[in-house]
Amino acid sequence: MGNLNPAVLGSGVVLQTVKTSEILFQAGDDRALYRVERGAICHYMLWADGRHDVIEFAFPGDIIGLGHLRRHVSTAQAMVDTVVSLVSNEEFEEAMDNDDRLSFRLSAAVEREFDHLRDQALAAKEPPASARVANFLLALSSLNGPEGRDSNLISDDITAGFVAEKLDLSIDKLGAALLNLKKHGAVKETPTGLRIIDAAALQKLANAA
């Protein structure tokens, strides 16, 4: 990637290079506005249940980081080596006057912030989906032993639909929860079902309930 001349972008411009796959900002970071000068950014939401929702792909000229809360609720990650510039409040107001699309994007960002706050509130009121699934798997495991079955194997006869119904979860939330358990090394998929490979890790996740 060649060097950019700050003079081309205007006096006082602050440039920042973000390498491929690096995070420009994430939920919880102090809010700042950025304009993509070169490269591309994937902007997405990470919800409390582990889902990832892509908001947009930002390319040169696009401003990202919109919102009204003091801290970001979303994540921006470089898809390739990328250069961004900081956008001041004054520059943003001027851009709003000249780009009708920005007002719609700002409205969408505020709606995402509302959804994020609601999602966080709901997550605080009920156990994480992964904790509920972990507890369910531990309960099934404890039933297997007395009945002569492998206590660490949850048979594939037990369908995702059955588990989702018992735990009052959507299939998507159940899938995200299982993915989280796998990432923590607690369980893994096998041809005959879901195998518990680290009972201690599974118990630790269950204790989050």
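The values are calculated or read from the model by the stated rules, or taken from the named source; none is laboratory data. This structure is a prediction, so every number in the text was calculated from the model and none was measured. Glycine gets a Cβ as well: all are built from the backbone with ideal geometry, and neighbour counts include every protein chain shown. The accessibility values were calculated without ligands, DNA or RNA, using every heavy atom of the protein model including side chains. Shrake-Rupley method; radii C 1.70, N 1.55, O 1.52, S 1.80 Å.
Some observations on this one:
- Between the Cα long axis of helix 129-144 and the first principal axis of the chain there is an angle of about 20°, rounded to the nearest 10.
- Cβ-placed point charges (K, R +1; D, E -1), dipole of the chain about Cα centre in debye, nearest 20: 800 debye
- Accessible area expressed per residue, the chain, with surrounding protein chains retained (probe 1.4 Å, Å²): 57 Å²
- Counted by Cβ distance under 9 Å from His184, the other residues give a net charge of +2, where Lys and Arg count +1 and Asp and Glu count -1.
- Between 0 and 90 degrees, the angle of helix 100-125 with respect to the longest Cα principal axis of the chain falls at about 30 degrees.
- Surface composition of segment 32-114: carbon plus sulfur atoms contribute 53% of the solvent-accessible area (1.4 Å probe, protein chains only, all chains present).
- Degrees separating the helix 89-98 axis from the principal Cα axis of the chain, which is the longest one: 80 degrees
- Non-local Lys pairs in the chain, i.e. 8 or more apart or on different chains, that have alpha carbons under 28 Å apart: 17
- MRE, 222 nm, helices only [DSSP H, n ≥ 4, -39500 (n - 2.57), over the chain, to nearest 500]: -12500 deg cm²/dmol
- Identified option (computed Cα extents along the principal axes in Å; candidates (i) 47, 43, 34; (ii) 69, 42, 23; (iii) 75, 35, 24): (iii)
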